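Inspection log for the structure reproduced underneath, given as structure tokens.
The values are calculated or read from the model by the stated rules, or taken from the named source; none is laboratory data. What you see is a predicted model; the values in this text were computed from it and never measured. Cβ: placed from backbone, ideal geometry, glycine included. Neighbour counts: every protein chain shown. Heads up: the accessible areas ignore ligands, DNA and RNA and are worked out on the full protein's heavy atoms, side chains in. Shrake-Rupley method; radii C 1.70, N 1.55, O 1.52, S 1.80 Å.
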Amino acid sequence: FRWNYLAHGFQSCGFHVSNLALHLLCSGLLGLCVNRSLELPASWSALLAALFFSHPVHTESVLYIVGRAELLCLILVLLSMLVYTSPRLGSEKIMLASGLLIAAGLCKETGFCFFGLLAGWELLWMFRAGIRRLRLLHLGTLLVLGSVACSLRYWYTGGTTIERMDHHSNPVAAEKDRYVRILTYTLVHGIYARLLIWPTFLCYDYSFDAIPMVR
């Protein structure tokens, strides 16, 4: 944001162009990641990148200036995956990939969750090639580093709850009935899954009971 301001002040066009460029970079990195890591053909990887770039569900992350946090987080996560799956790097790739994930988590807290992505990659290799000592060591290192990173984030922010959360901003978080919260969150994630497949209706703000509570 500071670089944008130094370049063009508070003119909003530059901020939006930067977000669009970052989204294009995300799409390209995703195509490269599936091509290198999953060994998909270049044509399929390019198609996946194009679908990701044009999917309407990304509208908020790209058009909202503050959505840059999600864009930067994804860029760092994909770079981490590319580093971790690179055959050219040795054991140092664990620390490098973990550093990228920590940086992703500093952009957006969900970045810390992607330690599970690298751990899942190790598990897939174990199912494919058998359990080996080096793979177990890598998996254990990832779990320890991920746990430490999440614990430090939890300690520094004083938890994951937001103080004085009101009903208008987030009615689900303000709901006192735990059973109602669980059912409503399940509905919300179901709606998100449907939007990924068929994004017929997108809302710019789901606060103030835009999605009814499940009672």
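Couple of notes before you dig in:
- Residues being under 17 Å from Val17 (Cα atoms) and without any contact (Cβ under 8 Å) to a residue 60 or more places away in the chain - total across region 31-64: 7
- Taking (1) open to solvent by 50 Å² or more (accessible area, probe 1.4 Å); (2) part of a helix (DSSP H, G or I); (3) not hydroxyl-bearing (Ser, Thr, Tyr) in turn, Pro87 satisfies each apart from (2).
- Residue that is modelled with the lowest pLDDT, among those in region 132-170 that are farther than 21 Å from Leu101 by Cα and among the basic types (Lys, Arg): Arg164
For (1) touching a Leu at 6+ places or on another chain (Cβ under 6 Å); (2) outside any helix (DSSP H, G or I), each residue gets a yes or a no:
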site: Glu39; (1), (2): no, yes
site: Gly67; (1), (2): no, no
site: Val83; (1), (2): yes, no
site: Ala103; (1), (2): yes, no
site: Leu106; (1), (2): no, no
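- Verdict on Arg215 being at pLDDT 80 or above, basic (Lys, Arg) and open to solvent by 80 Å² or more (accessible area, probe 1.4 Å): yes
- Subset of region 8-30 that is closer than 23 Å to Pro87 by Cα and touching a Phe, Trp or Tyr at 6+ places or on another chain (Cβ under 8 Å) - its residue that is most open to solvent (accessible area, probe 1.4 Å): Leu30
- Taken together, the residues in region 110-153 that are closer than 22 Å to Ile75 by Cα, basic (Lys, Arg) and either without any contact (Cβ under 8 Å) to a residue 24 or more places away in the chain or exposed (fewer than 15 other Cβ atoms within 10 Å of the Cβ) (or both) amount to 0.
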